[in-house]
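Undergrad: My questions will all concern the structure given below.
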Amino acid sequence: AAIMALKLIMLALLAYSWFLSHIEVEGVRVISKEEDLELEKQLKLLNKPAVKTIKTKHGDIYDCVDFYKQRAFDHPLLKNHSFHPKMIPSVPKAMIDENRLNAETVEDIGLTEGRCPEGTVIIRRITKDDLLREKLFEEKYGSKIKPLMPGDPGFHLAVARTKSNTGLKFNGASMSTSLYNPPARGIQYSSSQMKIKNGDDTIQVGWTAGGSACYNDRCPGFVHLETNPPIPLDFAFKETSVRGNPPKYTAFKFLRDSDGNWVLHVGVKDVAIGYWPKALFTGLGDKGTYVEWGGQVFSLPAQPSPPMGSNFHPSRDTNYDCFSMRLQFQKNDEESFSDPKDEIETFTDDNRSYGIDDLGFQDDTFRRIIVFGGPGGATEV
């Protein structure tokens with residue numbers, strides 16, 4: 001299905017810091033000349049000189065920026081780095097027969113409107129509107145709303161997760177997930193995601209529909225790698241699934257390399273698009289202690305929560321349900337990825353609005369698979 005008013009974008013973030021863009025804040029406030037000058041100053045710091053500029057059909061502008069001048073290296077912990085644009089670790093690949101799957105992979109991920117010159121990386125240009133929305137949101141809600149923090153009002157999930165008593169540690173996790181575009185408005189979002197945690201550190205990747213787009217790269221420290229075609233953190237998927245038809249899907253993987261950096265791979269071609277350096281972390285400076293796959297949504301507490309997945313409770317049919325399959329992790333000191341067995345459990349905090357079913361290990365193509373979703377509608381005061 002073509003993406004219309006809403007964009008389904010790739011999600012990649014550190015949950016210890018969050019920023020929002022593409023959100024609607026009710027009401028209008030005229031900003032002063034001094035505030036406008038401050039926004040212009042921020043833009044000059046955030047948007048690095050472009051070697052080339054690419055504009056998408058959605059109206060987003062992306063800059064091809066010299067690898068060594070990207071925003072990540074403004075982070076004080078990364079000033080004395082030794083990274084280079086082609087740092088790609090070796091990653092164990094799963095042996096999967098794509099032809100046996102009654103689904104369609106989304107092969108042409110990334111931007112098709114142009115390529116970046118050698119030695120540059122693709123980064124979305126931040127606009128004054130982005131900064132203004134953040135400013136107005138912060139003024140209206142302040143620290144009361146933290147839409148990436150599980151357990152806070154307005155946050156709901158339906159997930160498979162590692163049990164608390166396993167004692168396992170994880171160097172990576174992977175999934176292939178179907179692409180849906182559930183309706184979400186304003187600050188609402190609805191996602192299919194995979195998460196790894198240790199202590200207060202969390203890395204979360206997947207896709208999201210709705211209002212939270214730019215926190216992908218506004219949370220500083222993600223080092224972009226050179227890819228062609230260019231694959232930015234927050235690209236919009238060109239195709240999404242239609243309930244009742246063979247689903248569209250793509251793959252995500254993060255892996256801790258030999259230097260302790262967390263590398264993000266996307267697509268069934270397993271392309272490394274960048275990494276979070278070890279220096280950014282405390283807990284995840286070591287291995288992860290918790291892995292999670294599934295759906296999560298957020299809405300302001302007084303508003304009904306948005307749909308998840310295909311908008312329906314799971315029917316245990318992958319042509320009708322949003323799914324995450326090939327759930328795998330790299331645990332302890334193992335060199336390859338393996339399938340979860342009895343180390344994981346399912347959980348939803350609101351089974352009236354959302355559901356999840358673990359279909360178990362199916363075969364060498366699907367491997368371990370979960371289906372999840374629901375109409376939403378929960379309201380919290």
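The values are calculated or read from the model by the stated rules, or taken from the named source; none is laboratory data. In this text, all values refer to a predicted model and were calculated from it rather than measured experimentally. Positions of Cβ are backbone-derived with ideal geometry, glycine not excepted, and every protein chain shown enters the neighbour counts.
Undergrad: Checking the conditions here, which among 356, 369 is crowded, with 17+ Cβ neighbours inside 10 Å, closer than 16 Å to residue 310 by Cβ and in contact with a Leu (Cβ under 6 Å, 6 or more places away or on another chain)?
TA: Testing whether each residue is crowded, with 17+ Cβ neighbours inside 10 Å, closer than 16 Å to residue 310 by Cβ and in contact with a Leu (Cβ under 6 Å, 6 or more places away or on another chain) leaves just 369.
Undergrad: Working carefully through the options 287, 278, find the one that is touching a residue at least 12 places away in the same chain (Cβ under 8 Å), of a type in the set (D, E, K, R) and either within 28 Å of residue 345 (Cβ to Cβ) or in contact with a Ser or Thr (Cβ under 9 Å, 6 or more places away or on another chain) (or both).
TA: 287
Undergrad: Return the residue satisfying two criteria in turn: it lies in segment 294-326 and is among the aliphatic types (A, V, I, L, M) and either touching a Leu at 6+ places or on another chain (Cβ under 9 Å) or crowded, with 19+ Cβ neighbours inside 10 Å (or both), and of such residues it is farthest from residue 352 (Cα to Cα).
TA: Of everything passing the filter in segment 294-326, 325 is farthest from residue 352 (Cα to Cα).
Undergrad: When segment 119-156 is examined, which residues are found to be modelled with pLDDT under 75 and assigned to a loop (DSSP other than H, G, I, E, B)?
TA: 145, 146, 147, 148, 149, 150, 151, 152, 153, listed by residue number.
Undergrad: Give 83, 73 a once-over and let me know the one that is at pLDDT 80 or above, in a loop (DSSP other than H, G, I, E, B), under 17 Å from residue 279 (Cβ atoms) and not acidic (Asp, Glu).
TA: Being at pLDDT 80 or above, in a loop (DSSP other than H, G, I, E, B), under 17 Å from residue 279 (Cβ atoms) and not acidic (Asp, Glu) holds for just one of 83, 73, which is 83.
Undergrad: Additional query: Report, by residue number, each residue of segment 300-347 that is of a type in the set (Ser, Thr, Tyr) and outside any strand (DSSP E or B).
TA: Correct list: 305, 310, 315, 318, 320, 336.
Undergrad: Okay, next question. Among (1) farther than 19 Å from residue 177 by Cβ; (2) crowded, with 22+ Cβ neighbours inside 10 Å; (3) out of contact with any Asp or Glu (no Cβ under 9 Å at 6 or more places or on another chain), where does residue 261 come up short?
TA: Condition not satisfied by residue 261: (2).
Undergrad: Does segment 305-326 hold any residues that are touching a Lys or Arg at 6+ places or on another chain (Cβ under 7 Å) and either more than 17 Å from residue 373 (Cα to Cα) or of a type in the set (Lys, Arg) (or both), and which are they?
TA: 326, the sole residue that qualifies.
Undergrad: Separate question: Is it true that residue 178 is crowded, with 17+ Cβ neighbours inside 10 Å, touching a Phe, Trp or Tyr at 6+ places or on another chain (Cβ under 6 Å), at pLDDT 90 or above and among the hydroxyl-bearing types (Ser, Thr, Tyr)?
TA: So residue 178 fits the description; yes.
Undergrad: Any idea how many residues of segment 232-274 are at pLDDT below 90 and more than 27 Å from residue 169 (Cα to Cα)?
TA: Residues in segment 232-274 being at pLDDT below 90 and more than 27 Å from residue 169 (Cα to Cα): 7 in total.
Undergrad: Still on this structure, please answer the following. Being surrounded by 24 or more Cβ atoms within 10 Å (Cβ to Cβ), of a type in the set (S, T, N, Q) and at pLDDT 95 or above is the requirement here; does residue 192 meet it?
TA: In short, yes.
Undergrad: Additional query: Which residues, counting only those in segment 116-133, are acidic (Asp, Glu) and either buried (at least 21 other Cβ atoms within 10 Å of the Cβ) or without any contact (Cβ under 8 Å) to a residue 40 or more places away in the chain (or both)?
TA: 129, 130
Undergrad: If I go through segment 157-169 residue by residue, how many of them are at pLDDT 95 or above and over 19 Å from the mean Cα position of the chain (by Cα)?
TA: Total meeting the criteria: 4.
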